[in-house]
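To start, the structure under review is shown below, and the notes come after it.
Rule-based calculations on the coordinates, nothing more; no lab input. Quick caveat, the model's predicted, so the values are computed rather than measured. Here Cβ is always computed from backbone atoms with ideal geometry, including for glycine, and neighbour counts include all displayed protein chains.
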Amino acid sequence: MAKGDLCVTRVPIFQGLTHQQQLHVAEFIRPLSVRRGEPVYTPGDSVSRLLVVHSGQLKVSHLAANGQEQVLRTVTEGDVVGERAFLSGHRPNDLLLALEDSQMCVFNHADLSNLIRDYPEISQQMLQTLSDRLASVERQLVAITSSDVTARVAAYLLDLTSAGRGRIPTVRLPMAKKEIATYLGTTPETLSRRLAELSASGTIQLQGRRDVLVLDLDALERLAMPQ
């Protein structure tokens with residue numbers, strides 16, 4: 001990554017800092033590159049790092065005792081991974097895998113602890129990020145416990161839209177439809193039908209195989225809350 005292209009300018013937990021403070025934070029960055037299909041860490045690894053995605057896409061999954069994988073979320077440019085392990089001091093119990101070639105900025109535990117001491121704004125923003133993620137999980141739980149597959153799909157698209165942080169509401173499906181269907185507890189055929197119905201109703205517009213333009217955000221929010 002280019003020397004002047006700072007990870008910290010892309011990440012919400014550092015955006016409350018001045019540019020000079022961001023430059024200071026950037027001094028503690030360690031770059032990490034992974035190829036598609038490579039694990040960044042696996043359950044039980046001794047990981048004491050905060051990882052900021054600079055480019056690419058990663059998948060966070062939980063591996064059951066029988067080896068079955070449950071996708072928890074995907075992370076992309078500007079997202080942060082590892083804050084729970086950092087705050088709790090526990091080793092991760094999930095798998096972080098690269099869905100495509102990815103670059104990350106890594107902070108080790110000691111450096112980040114010192115930065116939080118110097119800049120309390122970082123810890124405040126980190127807690128806000130965790131709070132936003134909890135709200136996302138709660139919305140997905142409401143949708144997934146419902147028999148309404150449309151609600152699950154709408155909630156999923158809303159989460160992808162919110163990850164855009166205020167940009168034009170065009171989202172890219174981060175995984176193959178088969179994996180998304182598994183994540184939402186449905187079948188690829190049903191997922192495709194629900195997306196087609198949302199497109200026909202004018203709520204979204206499908207662009208190619210993975211791009212989705214959200215035309216009516218209010219309608220999507222209503223659909224995400226099953227009756």
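Here the stretch 7-129 is assigned +1 on the Cβ of each Lys and Arg and -1 on the Cβ of each Asp and Glu. Its dipole about the Cα centre then comes out at about 120 debye.
What number comes out for the charge environment of residue 209, summing +1 per Lys or Arg and -1 per Asp or Glu over other residues with Cβ under 14 Å away?
Numbers: positive: 172, 177, 178, 210; negative: 179, 211.
Net charge in that neighbourhood comes out at +2.
Given axes a ≥ b ≥ c from the Cα gyration tensor, I'd like to know whether the stretch 146-223 is rounded (a/c under 1.5), prolate (a/b larger than b/c) or oblate. Kindly include the intermediate steps, with their values, before the conclusion.
On the way: a/c = 1.43, a/b = 1.28, b/c = 1.12.
Taking the square roots of the gyration eigenvalues as a ≥ b ≥ c, the stretch 146-223 is rounded.
Evaluating 6.51 cos²θ - 1.76 cosθ + 1.60 at θ = phi - 60° for every residue in the stretch 99-110, the Karplus couplings come out as 7, 8, 3, 9, 10, 10, 9, 10, 10, 7, 4, 5 Hz, glycine and proline recorded as x. From the residues 169, 217, 187, which one has its Cα farthest along the dipole of the stretch 168-221 in the positive direction, the dipole being from +1 and -1 charges on Cβ of Lys/Arg and Asp/Glu about the Cα centre? So the residue we want is 187. For the stretch 7-129, the Cα gyration tensor yields ellipsoid semi-axes of 25, 16, 12 Å (square root of five times each eigenvalue, largest first, whole Å).
Identify the trypsin sites (Lys or Arg not before Pro) of the stretch 31-70 meeting these criteria: DSSP loop state and at most 13 other C-beta atoms within 10 Å of the C-beta. It would help to have the intermediate numbers written out before the result.
Values: sites: 35, 36, 49, 59; in loops: 35, 36.
Hits after loop and neighbour filter: 35, 36.
Spin-label model, residue 72 to residue 219: label points 7 Å out along the Cα-to-beta-carbon direction sit 3.5 nm apart.
Only one residue of 120, 99, 24 has its Cα farthest out toward the positive end of the dipole of the stretch 7-129, where Lys and Arg carry +1 and Asp and Glu -1 on Cβ, and that residue is 99. Against the empirical 2.2 N^0.38 Å (N residues), the stretch 51-118 has a Cα radius of gyration ratio of 1.22.
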